[in-house]
1. Run the numbers on region 1-100 and let me know its relative contact order in percent, using alpha-carbon pairs under 8 Å that are six or more apart.
2. Long-range amide H contacts for Arg43: which residues qualify at under 5 Å (H placed 1.01 Å from N, peptide plane, sequence gap of 5 or more or a different chain)?
3. Are there GluC sites (Glu not before Pro) in region 38-135 that DSSP marks as loop and that have at most 12 other Cβ atoms within 10 Å, and which are they?
4. Quick one: which residues, 5+ away or cross-chain, put their amide H under 5 Å from the amide H of Ile190? H built at 1.01 Å from N.
5. Report the local net charge at Gly217: Lys and Arg +1, Asp and Glu -1, summed over other residues whose C-beta lies under 14 Å from its C-beta.
6. Provide the gained length on full extension for the span Trp286 to Tyr252, in nm with one decimal, where the gain is 0.36 nm per separating residue minus the Cα-Cα distance.
7. Over the chain, what is the relative contact order in whole percent, taking alpha-carbon pairs under 8 Å and six or more residues apart?
8. Using the Karplus equation 6.51 cos²θ - 1.76 cosθ + 1.60 (θ = phi - 60°), what ³J(HN,Hα) coupling, rounded to whole Hz, does each residue of region 75-84 give in order, writing x for Gly and Pro?
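No lab work stands behind these numbers, since they all come straight from the coordinates. Note that the coordinates shown come from a computational prediction; the quantities given were computed from them, not determined experimentally. Virtual Cβ from ideal backbone geometry, glycine too; neighbours counted across all protein chains shown.
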Amino acid sequence: MGAQAEMITILGHTAGGKTLLAAHVAYELGGEVISADSRQVYRGMTIGTGKDYDDYEIEGGRIPFHLVDIVDAGMEYNVFEFQQDFYSVYRQLQEKHCLPVLCGGSGLYIESVLRQFDMIQVPVNESRRIELESMDADQLVKILASYGPLHNTTDTGTRKRMIRAIEIAEYARSSGSNQGVPPPIHCLNIGIQYERDVRRRRITERLKQRLEQGMVGEVEALLNSGVDHEKLEYYGLEYRFLSQYLKGELTYEEMFTGLNTAIHRFAKRQMTWFRGMERRGIEIHWLDGDLPLKEKVDKIKTLYSK
């Protein structure tokens, strides 16, 4: 790899054991973990987002981790905020000569750092927003398409997302996007993958475990705290399906079956994103997830030392 990496990234699909591996790599190399998970940033959303705090406990101590539980449920955290928060933590770790271990399954978040997306903070344009809100979806898509490809392909998912994406694109063009591109980071990227049947089994077992741990109660607590059903839809699969179950729109069995299937599809999309990252020039060293933990750590240490 030439010069020694400045950071190690552990990525892969959901239920792949990334956190445990990242914590042990950090322990062995004197590092700290930076989460790259778009939902673990929210407080009060623990079981549904898979915050495996116990994974950070090694040899009687806790590996320091960052960007977990940093904003309240009900807010909408985004990739721009992640990038800013990441670089803030990264600089702190650099100053104390501590190895950053980036860990997560949110491909857009990871890629925003590895490919130095030039992202900007865009103010709301109230008058332009009123104009855009009067247009139909086809008109919005046409306007958005005129600005070329976007980092986030979900921008056409809803009218709200399309309008905000247009605001960002128009602001970037008018301002010249002068926020500056972040510096490149020389990174060793490790991917964890399993055979399809093993991946499916791990996902189903983990879903059962989360439900046994009280995931339904967690969602009820969010609702009682003032997070409405519409906002739960925003937070992704687990919260969407459990919201529908609690509203009586799904039976428990329908919720479990539908959610299980949706998570399998999500894991497949995650792997598709990571393969796309490789096509876009990011080197990923893939490890067999079924290898013993120590063997995976040793392989990463060997790659890191080269």
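1. This gives 34 percent for region 1-100.
2. Under 5 Å from the amide H of Arg43: Ile70, Val71, Asp72, Ala73.
3. On the way: sites: Glu57, Glu59, Glu76, Glu81, Glu95, Glu111, Glu126, Glu131, Glu133; in loops: Glu59, Glu76.
Here the sparse-neighbourhood loop sites are Glu59, Glu76.
4. For Ile190, whose amide H was placed from the backbone, the distant partners under 5 Å are Thr9, Ile10, Leu11, His285.
5. Numbers: positive: Arg210; negative: Glu212, Glu218, Glu220, Glu238.
Charge balance in the 14 Å sphere: -3.
6. On the way: separation 34, 0.36 × 34 = 12.24 nm, distance 3.68 nm.
Once the chain is fully extended between Trp286 and Tyr252, it gains 8.6 nm.
7. Numbers: 380 pairs, mean separation 85.6, N = 306.
Answer for the chain is 28 percent.
8. Taking θ as phi minus 60°, the curve returns 8, 10, 6, 9, 5, 4, 5, 4, 4, 5 Hz for region 75-84.
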